[in-house]
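First the structure, in the form of structure tokens, and then the observations on it.
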Amino acid sequence: MKQIPNLFTLLNLFFGCIAIVFMMQNGIAISGNENGSTWIDMPESIWLASLFIGLAAVVDFLDGFVARLLGASSEMGKQLDSLADVVSFGVAPGMILYQFLRLSFARETSAMDTSIIWLLPAFILPCAAAWRLARFNLDPSQSDSFKGMPVPAAGIFVASMPLIYWNVNTESITLLLLNKWVLYGIIVLLSWLMVSRLPLMALKFKNFSIADNWPKYLILLLAVLGFVMLKWLAVPLVVLAYVVVSLLFQNKKA
């Protein structure tokens, strides 16, 4: 019984590995027509990486829930959870950013001369995730709140990008996702939020009282309304709203 939560954690890692496989197998497609124009894009199946990161997030939630339900929390489970998270919400999202940077540079006239150095900043994100998780494991005070953005939140933010790219039919949004400076900005922002010591609330409910948990209920309400109105575009907005609400109401802890 004590190993059941760890099996969920390993499933989290398994899904993260599958996400990386989908990112590695989908390169950039380049085609042209008789008029001489060139079309550059990534295969749509890359969204499957987002799907498996999402499944990893669900399982990541369940392993903690099951551990508390069975009274099977352990130091090994804590370490194993961090190792799984750094792959599913650090390395896999880093691969998504790497591919989007490739696509961004591939659309430029000097694409053939682009150095790989311009693509390597994508892997700052998994490095920041590893740092955040190591510090978390050494800090016993982060049970009811967090210091810095939780790694799964950053991973989910990035995982939403392929889903937005292929499902939100707004040219301005697509152009933003193909802008290398926007991508670099996302990398810097998420990495900084993870390694920072900003006080952010943990979305754990010790009770279901509205008075004790209304900032958390506010986040859930924003998530539901956002998805109904904005679909996948709501995901990064809700993550940012989580940061803002946490900072505004950091003293409202359950």
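The values are calculated or read from the model by the stated rules, or taken from the named source; none is laboratory data. Just so it is clear, the model here is predicted, and its values are computed rather than measured. Cβ: placed from backbone, ideal geometry, glycine included. Neighbour counts: every protein chain shown.
Can you report the number of residues in the range 106-130 which are in a loop (DSSP other than H, G, I, E, B) and closer than 24 Å to residue 163 by Cα? I'd like the intermediate steps shown before the answer.
Step one: list which residues in the range 106-130 are in a loop (DSSP other than H, G, I, E, B), which gives 107-110, 114-115, 119.
Cutting the leftovers down to closer than 24 Å to residue 163 by Cα gives us 107-108, 119.
Within the range 106-130, residues that are in a loop (DSSP other than H, G, I, E, B) and closer than 24 Å to residue 163 by Cα number 3.
Taking the stated definitions as given, is residue 181 more than 29 Å from residue 218 (Cβ to Cβ) and touching a helix residue (DSSP H, G or I) at 6+ places or on another chain (Cβ under 7 Å)? Even if it seems obvious, please write down each step before you answer.
On the way: more than 29 Å from residue 218 (Cβ to Cβ): yes; touching a helix residue (DSSP H, G or I) at 6+ places or on another chain (Cβ under 7 Å): no.
No: the conditions fail for residue 181.
Condition check ((1) touching a helix residue (DSSP H, G or I) at 6+ places or on another chain (Cβ under 7 Å); (2) closer than 20 Å to residue 49 by Cα; (3) not aromatic (Phe, Trp, Tyr)) across all residues:
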{"position": "116", "(1), (2), (3)": "no, no, yes"}
{"position": "131", "(1), (2), (3)": "yes, no, no"}
{"position": "138", "(1), (2), (3)": "no, no, yes"}
{"position": "151", "(1), (2), (3)": "yes, yes, yes"}
{"position": "155", "(1), (2), (3)": "yes, yes, yes"}
{"position": "158", "(1), (2), (3)": "yes, yes, yes"}
{"position": "161", "(1), (2), (3)": "yes, yes, yes"}
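Given the criterion assigned to a helix (DSSP H, G or I), at pLDDT 90 or above and not hydroxyl-bearing (Ser, Thr, Tyr), identify the matching residue among 69, 133, 62, 103.
Details: 69 fails: at pLDDT 90 or above; 62 fails: at pLDDT 90 or above; 103 fails: at pLDDT 90 or above.
That would be 133, the only listed residue that is assigned to a helix (DSSP H, G or I), at pLDDT 90 or above and not hydroxyl-bearing (Ser, Thr, Tyr).
Please verify whether residue 193 is modelled with pLDDT of 90 or more, assigned to a helix (DSSP H, G or I), closer than 18 Å to residue 248 by Cα and not acidic (Asp, Glu), treating the condition exactly as stated. Break it down stepwise before answering.
On the way: modelled with pLDDT of 90 or more: yes; assigned to a helix (DSSP H, G or I): yes; closer than 18 Å to residue 248 by Cα: yes; not acidic (Asp, Glu): yes.
The answer is yes for residue 193.
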